[in-house]
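Here the structure is laid out as structure tokens; the discussion comes afterwards.
The values are calculated or read from the model by the stated rules, or taken from the named source; none is laboratory data. Because the structure is predicted, anything quoted here is derived from the model rather than measured. A quick note on method: Cβ atoms are made from the backbone with ideal geometry, for glycine too, and the neighbour counts reach across all protein chains shown.
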Amino acid sequence: MKTIISPSILGGSFSNMEKVISDLDQSRAEYIHFDVMDGDFVPNLTFGPQFISDLRVKTKKIFDVHLMIKRVGRFLDKYINAGSDIITFHYEIDENLNELINKIKSNNIKVGIAIKPKTPWEEIKKYLHTIDQVIIMTVEPGFGGQLFMNDQVKKIKSLSNYINENNLVVDIEVDGGVNYETGELCIKAGANVLVAGSFLFQQDNLKIATNNLNDFFNK
Ligand code: DX5
Ligand code: ZN
């Protein structure tokens, strides 16, 4: 199965985002991962829908939007209209998840549910037949550059087994602390989408680093 790479722009500086998007647009990564944070659901604040819509016109890459915000329903239209291709919200919010799923799907956008490290994957079992991806957080959400949490690998494996045994069509995206070795653990456990932020941006050339990561997992 192909491994999809989703570079997280949180790893970069917002001062040269045009260059970041241009590099990623020329890379072989299929997705671009946007970490939206509201300073409430997570203790960090990043950007809103305007930032995404401004970058939408710069590339045709798949916009993989990760909402780490509390009030998804209130702002959902803005992220739909900003040009998101996939919208993933967190299971841990206090909203009607089925309503959010239906609204996103009715706009022909893929929908995902993300779970924090402490959340068992079984909590989202009842949504698996209706969503397109699960984001397994392998760091506490809120910041890039954190260490990968190895104890999440068995969660990936268990979820992957359930998806395969029940012939479900759901991508498993891993988000946080991904590099060559941690990514390999995740792919072996059944994940097929890897988010990488700091690992890519800490290297000299973003486009080359992204292509190397993509080619490593698709050789
Ligand atoms: C963390 C974000 C991740 C993070 C990934 O809350 O959801 O996408 O930016 O960055 P790295 O790869 O540096 O952990
Ligand atoms: Zn993310």
Taking the stretch 166-219, which residues are of a type in the set (D, E, K, R) and within 10 Å of ligand 1 (Cβ to nearest atom)?
-> GLU173, ASP175
Run down GLY48, GLY39, GLY12 and say which single residue is within 25 Å of TYR180 (Cα to Cα) and either more than 14 Å from ligand 2 (Cβ to nearest atom) or not aromatic (Phe, Trp, Tyr) (or both).
-> GLY12
Subset tally (residues that are over 17 Å from the mean Cα position of the chain (by Cα) and either under 19 Å from PHE63 (Cα atoms) or modelled with pLDDT under 95 (or both)) for the stretch 106-121 | 3
Can you run down the residue pairs with Cβ atoms below 7 Å, 6 or more apart or on separate chains, where the first is in the stretch 43-57 and within 15 Å of ligand 1 (Cβ to nearest atom) and the partner is in a loop (DSSP other than H, G, I, E, B) and among the small types (Gly, Ala, Ser)?
-> PRO43/GLY142; ASN44/GLY142; LEU45/GLY39; ILE52/ALA82; ILE52/GLY83; ILE52/SER84
Pair list, Cβ under 7 Å, 6 or more apart: the stretch 175-196 residue within 18 Å of TYR162 (Cα to Cα) and of a type in the set (S, T, N, Q), other residue more than 12 Å from ligand 1 (Cβ to nearest atom) and part of a loop (DSSP other than H, G, I, E, B) = ASN192/MET1; ASN192/THR3
Of the residues in the stretch 31-52 that are crowded, with 16+ Cβ neighbours inside 10 Å and of a type in the set (D, E, K, R), the one that is farthest from PHE75 (Cα to Cα) is ASP35
Within the stretch 104-129, can you find the residues that are in a strand (DSSP E or B) and either of a type in the set (Gly, Ala, Ser) or surrounded by fewer than 16 Cβ atoms within 10 Å (Cβ to Cβ) (or both)?
-> GLY112, ALA114
In the stretch 81-100, what residues are over 22 Å from MET149 (Cβ atoms) and under 16 Å from the mean Cα position of the chain (by Cα)?
-> GLY83, SER84, ASP85, ILE86, ILE87
Being away from ligand 1 (no atom under 16 Å from the Cβ), in contact (Cβ under 8 Å) with a residue 24 or more places away in the chain and out of contact with any strand residue (DSSP E or B) (no Cβ under 9 Å at 6 or more places or on another chain), is that true of even one residue in the stretch 125-146?
-> yes
Residue in the stretch 7-29 that is surrounded by the most Cβ atoms within 10 Å (Cβ to Cβ), counting only those that are outside any helix (DSSP H, G or I) and touching a residue at least 60 places away in the same chain (Cβ under 8 Å) | PRO7
Filter the stretch 76-103 down to the residues that are touching a Leu at 6+ places or on another chain (Cβ under 8 Å) and part of a helix (DSSP H, G or I), then identify the one that is surrounded by the most Cβ atoms within 10 Å (Cβ to Cβ).
-> TYR79
